[in-house]
1. With Cβ to Cβ distances under 10 Å as the rule, what net charge do the other residues near residue B:15 carry (K, R +1; D, E -1)?
2. So which chymotrypsin sites (Phe, Trp or Tyr not before Pro) in segment B:98-137 pass both tests, a DSSP loop state and at most 11 other Cβ atoms within 10 Å of the Cβ?
3. Using Cα pairs closer than 8 Å and at least 6 residues apart in sequence, work out the relative contact order for chain A, in percent.
4. Could you do me a favour and compute the accessible area per residue for segment C:3-134, 1.4 Å probe, result in Å²?
5. How far, in nm to one decimal, is residue C:22 from itself in the other copies if the label point is set 7 angstrom along Cα toward Cβ? Shortest first, please.
6. Between copies, how close do the residue A:128 label points come, placed 7 Å along Cα→Cβ, listed in nm from shortest?
7. Give me the distance between the Cα centres of segment C:1-61 and segment E:7-42, rounded to whole Å.
8. Okay, helix-only estimate at 222 nm for chain E: each DSSP H run of n ≥ 4 adds -39500 (n - 2.57), divide by all residues, round to 500 deg cm²/dmol; what do you get?
Protein chains: 6
Amino acid sequence: MPRALVVRRVHFNAAHRLHNPAMSDEWNRTTFGPCNNPNYHGHNYEVELCIEGEISSETGYVVDVGIVKALFDEHVHAQLDHRNLNLDVPWFADRLASAENIAIFIWEQMGPRIPAGRLARVRLWESPRNYVEYEGG
Amino acid sequence: MPRALVVRRVHFNAAHRLHNPAMSDEWNRTTFGPCNNPNYHGHNYEVELCIEGEISSETGYVVDVGIVKALFDEHVHAQLDHRNLNLDVPWFADRLASAENIAIFIWEQMGPRIPAGRLARVRLWESPRNYVEYEGG
Amino acid sequence: MPRALVVRRVHFNAAHRLHNPAMSDEWNRTTFGPCNNPNYHGHNYEVELCIEGEISSETGYVVDVGIVKALFDEHVHAQLDHRNLNLDVPWFADRLASAENIAIFIWEQMGPRIPAGRLARVRLWESPRNYVEYEGG
Amino acid sequence: MPRALVVRRVHFNAAHRLHNPAMSDEWNRTTFGPCNNPNYHGHNYEVELCIEGEISSETGYVVDVGIVKALFDEHVHAQLDHRNLNLDVPWFADRLASAENIAIFIWEQMGPRIPAGRLARVRLWESPRNYVEYEGG
Amino acid sequence: MPRALVVRRVHFNAAHRLHNPAMSDEWNRTTFGPCNNPNYHGHNYEVELCIEGEISSETGYVVDVGIVKALFDEHVHAQLDHRNLNLDVPWFADRLASAENIAIFIWEQMGPRIPAGRLARVRLWESPRNYVEYEGG
Amino acid sequence: MPRALVVRRVHFNAAHRLHNPAMSDEWNRTTFGPCNNPNYHGHNYEVELCIEGEISSETGYVVDVGIVKALFDEHVHAQLDHRNLNLDVPWFADRLASAENIAIFIWEQMGPRIPAGRLARVRLWESPRNYVEYEGG
């Protein structure tokens, strides 16, 4: 059967702050600039979940993207949406809440749960002006 | 000569329905949900035609995207735009009209006709929230 | 208290056909062109629900747009999404399913149900290239 | 001379929380839902600054939008971008940080400083799915 | 009959330069900055043609936007697209080629030719970051 | 350490003309059509700078995209923005100013200057309807 990539866009919004507690306050201010603001700032995150696999002859689908969205809602949105990533999400307790690391968090949550095909890429827009892609390695 | 990928966005709109006649009505309703609606529903499809090849030293082009659009209009748009994919397009008589399969239809129509370089990818947006990519295999 | 306009974007998709049964088939074909296709075509419709009113000093809101979306889901989306407007929606039995008339349908469904402020405008995108606005008159 | 409206899009991002200290915690949780999260959440805000006036015969402009952007950077962006609206911006100390009120803040900062024409509207997108408009009253 | 506003988006691209020959070179450089570059620069212009009128009971349309686009192609696109506004378009020989004035040009070309309803507004995007609106006065 | 791709969108606008001086005027008119207009035309170019590399455990970044934007401003924007590519930019004196070649120019300017990771791709939108990608070879 032929193969394709299917993509579902989803979204959440959150507060965060970039701060590495192993480094000095001055290093943090210089390195992260306004992203180091002690009281946090925030973003609307837009996410593209990209799943690659064989097209089923029964359904014409690689995977039902409605199921992918339901899994995202349960395993990512419920943890991140309208939250403070640094304070409310244990996974970020010892990790920087950069776009790169948020993409890895989504990958870890979604990768093992994709019901058909495999998660090939997570694209995460932090703003309309920048995004990251993570492919699992 | 250096190589590049060039992309032309085009579009069409159509009605369709997801229904596998080899399966029961109940299976179809459960599997496809509202996409199985007997009287069809529809979408605006946005298409990205991605052509990879050597940059011509004479034109600075991989391929003239105006020609690519004209070929799309003649060989895809004329068959799909403002049509019912299930009823009006013979290619879908025995195939599910999923986004994945529509991308394959476009690939088959466009691939052999690209006048310079080669069709590398068809990206098909079914809505602003989901798309598929097909690379010919 | 100061006044503002608040807008919630929502969406649905549907099949439709433009056909005036009071006129000849030739008139319909000439007037509506491909939009008259007997087997229907379809669109992704994007909707902007615009509500004008006083900003509440208790909430800082004109109206909670989450409630507006829930009302849209119940009273519009449930009737139009993944449907054939001509065949599945009684309101269009004797009306042309043009973007103008779909905006009026949404206005009639939503206008009386807005819980604070008043519905000031329905903007309906039929494609990324055309939209209509209806303001109730 | 003819008149026109000119619009410059600008942006900032911030953390905020909706919480009315005059009401009970339960009222706040019920009224604002996840927007009441104690540790804040955040958004990318996109702003449209709309200035109406006479077209100058000397410049062909209503107003130089480069100057409008510089004024926004100095008087709005410097106060709101990468900040926590509730904690870092004194104007919100006794006001709810709703999109409606943020639009009023921008109006108050920008309105008296427009060098030609007059500020006619502030449109503030809180997410790609909702926005507010404030016209000064 | 109810009334509505219908909008068709169209586009063209062009080179231009802002320069007022009645003023000194220094005034022009100071006033227009890089927009005064002697060898021109350019833009993709996106246009929204907004027509207001009664909804026809025969067609469900205020106006057939396909006809509006054909009129734009003949009377605006043919003059402006892939042109240098200053050198190739006589109307700009004694007018500044600002977004404001381009909107007036489009208004003058399109206004008298709208076959049903009336042209209510021309919105012209000069870039994704700024636009103007002209309503005929 | 895990690896990711990070992307910063930037932009400029410029006038240009496609014309190969080694060929006849007739060949140029036939090959390039309106893009051969002697007095130039123009575009808003949107650029995606895509950098691939290891995620730093100190910063959570592959690269600080703020630095990437500053380098773009200094080494690309300063040369191309509000310019005539054919007349004002020496690099294009003996090269066609096609989107493909502009992407190569950006690659050559940016590639050696990326401070962490490596430039993996330059995507250049010439209009909302077409773009090119160059990956350095």
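The values are calculated or read from the model by the stated rules, or taken from the named source; none is laboratory data. Not measured: the values here are computed from a predicted model. Neighbour counts are summed over all protein chains in view; Cβ atoms, including those assigned to glycine, are modelled from backbone coordinates with ideal geometry. Note: accessible area is taken over every heavy atom of the protein model, side chains too, but ligands, DNA and RNA are not part of it. Shrake-Rupley method; radii C 1.70, N 1.55, O 1.52, S 1.80 Å.
1. With Lys, Arg at +1 and Asp, Glu at -1, the neighbours total +2.
2. Qualifying residues, ordered by number: none.
3. Contact order relative to length: 31 percent.
4. On a per-residue basis, 37 Å².
5. 5.0, 5.5, 5.5, 6.7, 7.7
6. 0.7, 1.0, 1.1, 1.1, 1.3
7. 38
8. -6500 deg cm²/dmol
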